[in-house]
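So the structure is just underneath, and the comments pick up after that.
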Amino acid sequence: MENRSIKEYSKGELQIVWEPKKCIHAAICVERLPKVYQPNQKPWINPEFASIEELKNQIDLCPSGALSYYLKNEDQTKKNKKMEKIKAIVKPNGPVIIQGNFTITHTDGRVEEIEKMAAICRCGASAKKPFCDGTHAKVGFKG
């Protein structure tokens, strides 16, 4: 798996994990909880401005899986439990969102474990193939 800079933020027992290299800048986090997610500030995530439930509900909507969470006292075997079903959602004029835990075998043979979800490019213009990097909006992809 490629090395990713991972940042963590705390709110009580909730540990928020952000993987910037996965982010496709869909801005759902900013739209849903603008007091928490402030991209022009440092730190940009301020979990003290929302309840733990609000944070969990919003993070569950992150289309790329760049945002995730776990509970500090959570049993790690539960945290890493595999989902039984994989779900794919085709976003209008955007990526395919695949939800679940799965592997991707890259063209060079490298196998990457995906946990929770990933946004897969449909437009062909992403610099992070097979993952979406948000370029579909810049190139006017329709599909």
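The values are calculated or read from the model by the stated rules, or taken from the named source; none is laboratory data. The model shown is predicted, which means the values in this text are computed figures rather than measured ones. Neighbour counts are summed over all protein chains in view; Cβ atoms, including those assigned to glycine, are modelled from backbone coordinates with ideal geometry.
Between Glu48, Glu53, which is within 29 Å of Phe102 (Cα to Cα), over 16 Å from the mean Cα position of the chain (by Cα) and in a helix (DSSP H, G or I)?
Glu53
All but one of (1) in a helix (DSSP H, G or I); (2) among the acidic types (Asp, Glu); (3) over 16 Å from the mean Cα position of the chain (by Cα); (4) surrounded by 11 or more Cβ atoms within 10 Å (Cβ to Cβ) hold for Glu74, so report the exception by its number.
Answer for Glu74: the failing condition is (1).
May I ask you to verify whether Lys81 is in contact with a Leu (Cβ under 8 Å, 6 or more places away or on another chain), over 26 Å from Cys123 (Cβ atoms) and at pLDDT below 95?
no
Ile114 passes all but one of (1) closer than 20 Å to Ile6 by Cα; (2) outside the structural domain of Phe131 (by TED's automatic domain parsing); (3) surrounded by 14 or more Cβ atoms within 10 Å (Cβ to Cβ); (4) in contact with a Phe, Trp or Tyr (Cβ under 9 Å, 6 or more places away or on another chain); which number fails?
Failing condition for Ile114: (2).
Within the group Ala88, Ala119, which residue is among the small types (Gly, Ala, Ser), assigned to a strand (DSSP E or B) and more than 23 Å from Tyr9 (Cβ to Cβ)?
Ala88
Could you identify the single residue in Asn101, Asn73, Asn46 that is polar (S, T, N, Q), at pLDDT below 95, out of contact with any Cys (no Cβ under 8 Å at 6 or more places or on another chain) and not assigned by TED's automatic domain parsing to the domain that holds Thr135?
Answer to the selection: Asn73.
With the checklist (1) surrounded by 19 or more Cβ atoms within 10 Å (Cβ to Cβ); (2) without any contact (Cβ under 8 Å) to a residue 40 or more places away in the chain in hand, flag the one item Gln41 doesn't pass.
The number of the failed condition is (1).
Could you grab me the full set of residues in segment 13-37 that are assigned to a loop (DSSP other than H, G, I, E, B) and either at pLDDT 95 or above or within 14 Å of Pro63 (Cα to Cα) (or both)?
Glu19, Cys23, Ile24, His25, Ala26, Ala27, Leu33, Pro34, Lys35, Val36
Residues that are surrounded by 12 or more Cβ atoms within 10 Å (Cβ to Cβ) and either small (Gly, Ala, Ser) or assigned by TED's automatic domain parsing to the domain that holds Lys87 (or both): does segment 19-32 have at least one?
Yes, that holds for at least one residue.
For residues that are in contact (Cβ under 8 Å) with a residue 40 or more places away in the chain, of a type in the set (Lys, Arg) and in contact with a strand residue (DSSP E or B) (Cβ under 7 Å, 6 or more places away or on another chain), tally how many sit in segment 85-143.
Looking only at that region, the number is 1.
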